[in-house]
Amino acid sequence: MNVRSSFLAGAGAAIAVRALMPRLLLLKFRRDLRSLNAGDFGPLLGSYAEGAVLRFNPGPHRWAGEHRGRPAIERFLADFTAAGLQGEIRELWTAGPPWALTLIVRFDDHANGPDGENLYSNRVAIVLRTRWGKVVEQEDFYEDTGRIEVLEQHLTRLGIRPIGA
């Protein structure tokens with residue numbers, strides 16, 4: 001094989017891997033989300049680096065603010081599952097090299113009460129930054145942040161307290 005053929009083969013492989021990566025990430029995150037929806041946040045938590053930061057909308061609700069480090073993110077995810085929230089990934093976009101990816105996820109979530117009444121639904125854009133395959137930074141942007149506060153009121157009425165409160 002000559003140098004030109006080697007170069008073309010390498011370039012073709014790189015293009016193929018780049019095209020396949022979003023599909024593989026989507027499969028992984030959807031699998032992790034199925035576990036989260038079933039109440040097991042462990043697989044998703046494993047995607048975060050030890051010092052990761054998750055930034056969430058400010059306001060009078062249990063998820064507000066900056067959650068720094070895995071233990072804080074674990075509490076955030078525990079509150080997510082305790083509230084009965086369910087989510088679905090609609091789309092995923094990626095940019096950057098594999099060792100420093102930026103991902104944007106279109107995510108929908110909702111919660112129903114014990115009687116099946118819809119307590120909450122929202123649309124979210126999540127921006128994730130990774131280093132060497134681990135999430136180091138996450139920021140969530142909600143279509144309607146007021147809905148989160150209404151959900152908090154429903155949870156309080158139902159006696160569902162924040163984890164660690």
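Every read-out reported here was derived from the displayed coordinates using simple, explicitly stated rules and does not represent laboratory data. All values reported here derive from a predicted model rather than from experimental measurement. Virtual Cβ from ideal backbone geometry, glycine too; neighbours counted across all protein chains shown.
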Only helices counted: for the chain, with every DSSP H run of 4 or more residues adding -39500 (n - 2.57) and the sum spread over all residues, [θ] at 222 nm is -13000 deg cm²/dmol
In Hz, Karplus ³J(HN,Hα) per residue of the range 89-98 (6.51, -1.76, 1.60; θ = phi - 60°; x = Gly, Pro) | 7, 8, 8, 9, 10, 10, 8, x, x, x
Cα-based Rg of the chain per 2.2 N^0.38 Å, rounded to two decimals?
-> 1.22
Given the options Pro22, Pro98, Pro114, which has the most mean-square fluctuation in a GNM of the chain, springs set between C-alpha atoms less than 10 angstrom apart?
-> Pro114
Coordinate range along principal axes, alpha carbons of the range 51-118, Å, largest first = 47, 26, 19
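Compute the whole-percent fraction of alpha carbon pairs in the range 109-151 spaced more than 17 Å apart. Spell out each step's value before the answer.
On the way: 429 of 903 pairs.
Percent of Cα pairs beyond 17 Å in the range 109-151: 48.
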Roughly how many whole Å is it from the C-alpha centroid of the range 16-50 to that of the range 128-165?
-> 18 Å
Karplus-derived HN-Hα couplings along the range 117-126 (A = 6.51, B = -1.76, C = 1.60, θ = phi - 60°), whole Hz, x at Gly and Pro = 5, 6, 8, 6, 8, 7, 10, 9, 10, 10
Among the DSSP H helices of the chain, those whose Cα atoms extend at least 20 Å along the helix axis and whose mean Kyte-Doolittle hydropathy is 0.5 or higher are 3-37
Can you pull the one-decimal nm distance between simple spin-label points at Arg55 and Arg31, each 7 Å off the Cα toward Cβ?
-> 3.1 nm
